[in-house]
Amino acid sequence: MKLTFRWYGDDDPVTLSHIRQIPQMTGIVSAIYDTPVGEVWSRESIAAMKKKANDNGLAFEVVESVPVHEDIKLGNENAPRLIENYCENVRRLGEAGVKCICYNFMPVFDWLRSELEHAQVDGANALAYDENTVLAMDPLKGDLSLPGWDSSYTKAQMQDLLNAYAELGEEQLWKNLEAFLKAVIPVAKEAGVNMAIHPDDPPWGMFGLPRIITGKKNLQRFFDIVPETNNGLTLCTGSFGANPENDLVDMADSFADRIHFLHLRNIKITGDRQFEEVGHPTACGSIDMYGVAKALVKKGWDGYVRPDHGRMIWGETGRYGYGLFDRALGATYIVGLFEALEKENAK
Ligand code: DNO
């Protein structure tokens, strides 16, 4: 496995010089943040990001995310132009040495949580999700102020989007995903890039919005749309794992050759559609981190992995889920887990 760490660019309170001190860290996962969603990233910005990483002894081989414009997901008249722009980004990133692109196909919202600073018994705080709290919020009133959430929509734009998706429904969203994949995957293959779709987080629909990357059955449907290995997955254990029906070890085992990127993150399920984020080790939560890593190692898996959301510990403040300390602990746990499994496997 290749250990990586997400970095949000110059605005990130976590610095590259700190990231490089995490044992066995090989590279950063980042994106170009100076360009509006849907437009083409400049070669200069891509090269500058790569240089910053390389100057700190880190590779820049994974991008998270090249965001998919809502008009592509809605499949409206702007979609063909935006898909062409997307392909151009994939080509440019491939040219710059990027090997893996993480993206998602979630309508309107990215990841959702109901609480950003949920207090835990040991004095840490972490992100938490409670379905009843989320559903009681009104996206039109701007009640939702959530980490993955683009707050730039006006109330009217939000209403239009919600209406458009209500009309679209799940099957049409699949069709629009198909059009996207059929255009992008061949370009990515040519550019030497593995595409890695991120699951919906949490993996079920809400506010009348369809969500489709939710579990094994849908993943099989997704892979079958374009049966190339570079049409792949970001296995985010915390996202899929929020639904206890998802068997993550089985997913890792079944889809190892399509998993190009692994977000190893633990959550503790505290009720029906209710969970909180916890420290990375298996014993801290509901996810079998060991089982997932073991299933992959058995298949000779050698993809990119990163610790995912960390708790805020030791008084750290910063970007929710993306502080330094707890993610660095997670990275160290991942290194230990893989070292033991890989050595066992090689016997
Ligand atoms: C949350 C992340 C997601 C992810 C996107 C990928 O922390 O895992 O925001 O980056 O969904 O497109």
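The values are calculated or read from the model by the stated rules, or taken from the named source; none is laboratory data. Since the model is a prediction, treat every value here as computed from it, not as a measurement. With ideal geometry, Cβ positions are generated from the backbone for all residues, glycine too; neighbour counts draw on all protein chains shown. These area figures cover heavy atoms from the full protein model, side chains too; ligands, DNA and RNA do not enter into them. Shrake-Rupley method; radii C 1.70, N 1.55, O 1.52, S 1.80 Å.
Quick check on the stretch 266-275. Is at least one of its residues over 30 Å from P80 (Cα atoms), within 15 Å of the ligand (Cβ to nearest atom) and in contact (Cβ under 8 Å) with a residue 40 or more places away in the chain? For the stretch 266-275, residues over 30 Å from P80 (Cα atoms), within 15 Å of the ligand (Cβ to nearest atom) and in contact (Cβ under 8 Å) with a residue 40 or more places away in the chain: present. Which residue out of R81, R91 is out of contact with any His (no Cβ under 6 Å at 6 or more places or on another chain), farther than 28 Å from D160 by Cβ, surrounded by fewer than 18 Cβ atoms within 10 Å (Cβ to Cβ) and not β-branched (V, I, T)? One residue alone meets the criteria, R91.
Tallying residues that are open to solvent by less than 20 Å² (accessible area, probe 1.4 Å) and among the basic types (K, R) within the stretch 293-307 yields 1. The test for being open to solvent by 30 Å² or more (accessible area, probe 1.4 Å), more than 16 Å from the ligand (Cβ to nearest atom), in contact (Cβ under 8 Å) with a residue 24 or more places away in the chain and among the aromatic types (F, W, Y) holds for Y290. A count restricted to the stretch 84-137 and to residues that are under 30 Å from N54 (Cα atoms) and more than 14 Å from the ligand (Cβ to nearest atom) stands at 14. Of the numbered criteria (1) touching a Phe, Trp or Tyr at 6+ places or on another chain (Cβ under 8 Å); (2) more than 23 Å from V335 (Cβ to Cβ); (3) at pLDDT 95 or above; (4) among the basic types (K, R), the one R6 fails is (2). Only a single criterion out of (1) crowded, with 17+ Cβ neighbours inside 10 Å; (2) aromatic (F, W, Y); (3) modelled with pLDDT of 95 or more is not satisfied by W314, namely (1). Count of the stretch 285-339 residues, restricted to those that are within 29 Å of E245 (Cβ to Cβ) and of a type in the set (S, T, N, Q), is 1.
Here E344 fulfils each of the conditions (1) more than 16 Å from D253 (Cα to Cα); (2) part of a helix (DSSP H, G or I); (3) touching a residue at least 60 places away in the same chain (Cβ under 8 Å) apart from (3). Cβ-Cβ distances below 6 Å connect the following pairs, each with a first residue in the stretch 64-82 that is within 12 Å of the ligand (Cβ to nearest atom), a second residue that is open to solvent by 30 Å² or more (accessible area, probe 1.4 Å) and not in a helix (DSSP H, G or I), and a separation of six or more residues or different chains: P67/V37. Among residues of the stretch 259-280 being more than 12 Å from G238 (Cα to Cα) and over 15 Å from the mean Cα position of the chain (by Cα), the one that is most open to solvent (accessible area, probe 1.4 Å) is D272.
Here's the yes/no breakdown for (1) of a type in the set (D, E); (2) open to solvent by less than 60 Å² (accessible area, probe 1.4 Å); (3) more than 24 Å from Y320 (Cβ to Cβ):
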residue: F5; (1), (2), (3): no, yes, no
residue: G9; (1), (2), (3): no, yes, no
residue: R20; (1), (2), (3): no, no, no
residue: Y33; (1), (2), (3): no, no, no
residue: P36; (1), (2), (3): no, no, no
residue: I46; (1), (2), (3): no, yes, yes
